[in-house]
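S.K.: Dropping the structure in here first, questions after.
Coordinate-derived values only; no laboratory data. Predicted, not measured: the structure shown is a model, and the values here were computed from it. Cβ placement follows ideal geometry from the backbone for every residue including glycine, while neighbour counts extend to all protein chains displayed.
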Amino acid sequence: MPADDVVRASELLGRRVYDERGRRLGKVTDLITRLDSLGQEQTVAVLVTPGRRGRLLGYERSSQRGPWLLAWLAAVLHRGTREVPWSEVRWNP
C-alpha cells in the first residue's frame, strides 16, 4: 500500500460525516476494521454519533455487559449512534 493511502485514526476521529445528499450524520467516534485476505486491518465502517463526541466505553455494542446505570447513561448520551459503511462515508457536504 503506498504511503499516500495511509490515514491515521486520529485524523478521522471527531470529523463530521455526511450522507450522499449532503446531510450531516454526526461525528466519527470509532472505526470498525476487519482483516483482509492478507491479514491486514482494513476500515470497513465508522461509528457516527449525532450528539456530542465522547467515549462510548463499548456500550454501543449489544454484547457489552456492565452496571445497568452506565449502560443506560451511555444509551441516553449516545442515542442515534450508528454504523456507517466506509463506502458511504462522505467528508464534505
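S.K.: Loop-only trypsin sites (Lys or Arg not before Pro) in the range 1-40, please: DSSP not H, G, I, E or B, and at most 11 other Cβ atoms within 10 Å.
M.R.: Numbers: sites: ARG8, ARG15, ARG16, ARG21, ARG23, ARG24, LYS27, ARG34; in loops: ARG8, ARG15, ARG21, ARG23.
When the trypsin sites (Lys or Arg not before Pro) of the range 1-40 are filtered for loop state and at most 11 Cβ neighbours within 10 Å, ARG8, ARG21, ARG23 remain.
S.K.: Right, next: Can you list residues whose amide H is under 5 Å from ASP30's amide H, if they're 5+ apart or on another chain and H is modeled 1.01 Å from N?
M.R.: Here the answer is LEU47, since their amide H atoms fall under 5 Å of that of ASP30.
S.K.: Among ASP30, ASP5, ASP36, ASP19, rank each residue by its count of other Cβ atoms within 10 Å, from fewest to most, as a rough exposure measure.
M.R.: Neighbour counts put them in this order, fewest first: ASP5, ASP36, ASP19, ASP30.
S.K.: Fewest to most neighbouring Cβ within 10 Å: what's the order for LEU70, LEU13?
M.R.: LEU70, LEU13
S.K.: A follow-up question, please. Among LEU73, LEU25, which comes first, then next, by fewest other beta-carbon atoms within 10 Å? Walk me through the numbers before you get to the answer.
M.R.: Values: LEU73 13, LEU25 19.
The most exposed by this proxy come first: LEU73, LEU25.
S.K.: Return the distance in nm (one decimal) between the two label points of a simple spin-label model at GLU20 and VAL6, each offset 7 Å from Cα along Cα→Cβ.
M.R.: Label-label distance for GLU20 and VAL6, simple model: 3.3 nm.
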